[in-house]
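Trainee: So that we are looking at the same thing, I have put the structure below in structure tokens.
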Amino acid sequence: MINDLKKDAEQRMEKTLDALQTTFARIRTGRAHPSLLESIQVDYYGNSTPLSQVANITVTDSRTLSISPWERGMVKDIERAIMNSGLGLNPASAGEVIRVPMPALTEETRKGYTRQARNEAENARISIRNVRRDVLSDVKDLLKAKDISEDDERQAQGEVQKITDRFIAKIDGVLATKEKDLMEI
């Protein structure tokens with residue numbers, strides 16, 4: 001029973017870490033990366049569709065993304081979706097290809113993005129701690145039901161804490177990497 005709870009905790013914490021990395025991918029650094037545009041939805045025949053499903057996104061150079069729509073008529077819709085995305089990007093179309101230059105980040109925007117990254121990391125830490133709380137509550141319920149002994153409970157608490165500490169350290173590592181990317185000129 002305790003092993004099932006620990007496995008469940010690890011899976012939930014892993015999902016939290018994956019969600020954090022996905023969120024970090026959307027925080028813009030000075031370099032071009034296709035994941036910046038993953039959250040953009042384009043109106044495609046009346047349906048809201050992810051940009052990656054209606055066009056090919058490639059990196060032209062370190063500061064430019066190139067978008068090749070699969071249908072010529074999608075160019076204007078894609079441009080409009082990028083401009084309305086709130087990412088601060090200004091696409092320019094050249095025939096069937098849309099180029100998206102990455103504007104240089106100012107010191108102020110870098111600090112703002114770093115603050116945003118720290119907030120997201122703190123939210124992930126809180127989520128990890130909530131998973132720990134839930135699992136420890138389940139362990140206490142097992143103790144109350146006399147399914148496990150007090151020694152088993154203490155051992156489970158220690159093991160869950162080790163798992164929690166490991167994932168918190170991973171979050172701190174991911175945050176440090178993102179901050180380094182953001183502050184790099």
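The values are calculated or read from the model by the stated rules, or taken from the named source; none is laboratory data. From a predicted model like this one, the values you see are computed outputs, not experimental measurements. FYI the Cβ positions are ideal-geometry reconstructions off the backbone, even for glycines, and counts take in every protein chain you see.
Trainee: Among the residues of the stretch 135-147, is there at least one that is in a helix (DSSP H, G or I) and under 16 Å from Glu14 (Cβ atoms)?
Mentor: yes
Trainee: Still on this model: Quick one: in the stretch 1-56, which of the residues that are among the basic types (Lys, Arg) and part of a loop (DSSP other than H, G, I, E, B) is surrounded by the fewest Cβ atoms within 10 Å (Cβ to Cβ)?
Mentor: Once the filter is applied, the top-ranked residue is Arg31.
Trainee: Right, Ser127: buried (at least 18 other Cβ atoms within 10 Å of the Cβ), among the polar types (S, T, N, Q) and in the same structural domain as Lys7 (by TED's automatic domain parsing) or not?
Mentor: Yes, satisfied.
Trainee: Sticking with this structure for a sec: Listed residues Ala81, Ala19, Ala94; which is among the aliphatic types (A, V, I, L, M) and assigned by TED's automatic domain parsing to the domain that holds Asp172?
Mentor: So the residue among Ala81, Ala19, Ala94 that is among the aliphatic types (A, V, I, L, M) and assigned by TED's automatic domain parsing to the domain that holds Asp172 is Ala19.
Trainee: Can you tell me how many residues in the stretch 49-59 are under 17 Å from Asn84 (Cβ atoms) and either in contact (Cβ under 8 Å) with a residue 40 or more places away in the chain or of a type in the set (A, V, I, L, M, F, W, C) (or both)?
Mentor: The total comes to 3.
Trainee: Taking interchain pairs and intrachain pairs at least six residues apart, which have beta carbon atoms under 9 angstrom, with the first residue in the stretch 35-48 and of a type in the set (Ser, Thr, Tyr) and the second part of a loop (DSSP other than H, G, I, E, B)?
Mentor: Partner pairs satisfying both residue conditions: Ser39/Ser85; Ser39/Leu87; Tyr44/Val54; Tyr44/Glu71.
Trainee: Here is a follow-up. Which of (1) in contact with a Ser or Thr (Cβ under 7 Å, 6 or more places away or on another chain); (2) in the same structural domain as Leu17 (by TED's automatic domain parsing); (3) among the aliphatic types (A, V, I, L, M) does Ala55 not meet, given it meets every other one?
Mentor: (2)
Trainee: Give me the pairs: first residue in the stretch 157-170 and in the same structural domain as Lys140 (by TED's automatic domain parsing), second residue not in a helix (DSSP H, G or I), beta-carbon distance under 9 Å, and six or more apart or on different chains, which are they?
Mentor: Within 9 Å, no pair qualifies.
Trainee: A further question follows. Quick test for you: out of Arg115, Arg72, pick the one residue that is more than 20 Å from Thr22 (Cβ to Cβ) and either aliphatic (A, V, I, L, M) or without any contact (Cβ under 8 Å) to a residue 40 or more places away in the chain (or both).
Mentor: The match here is Arg72.
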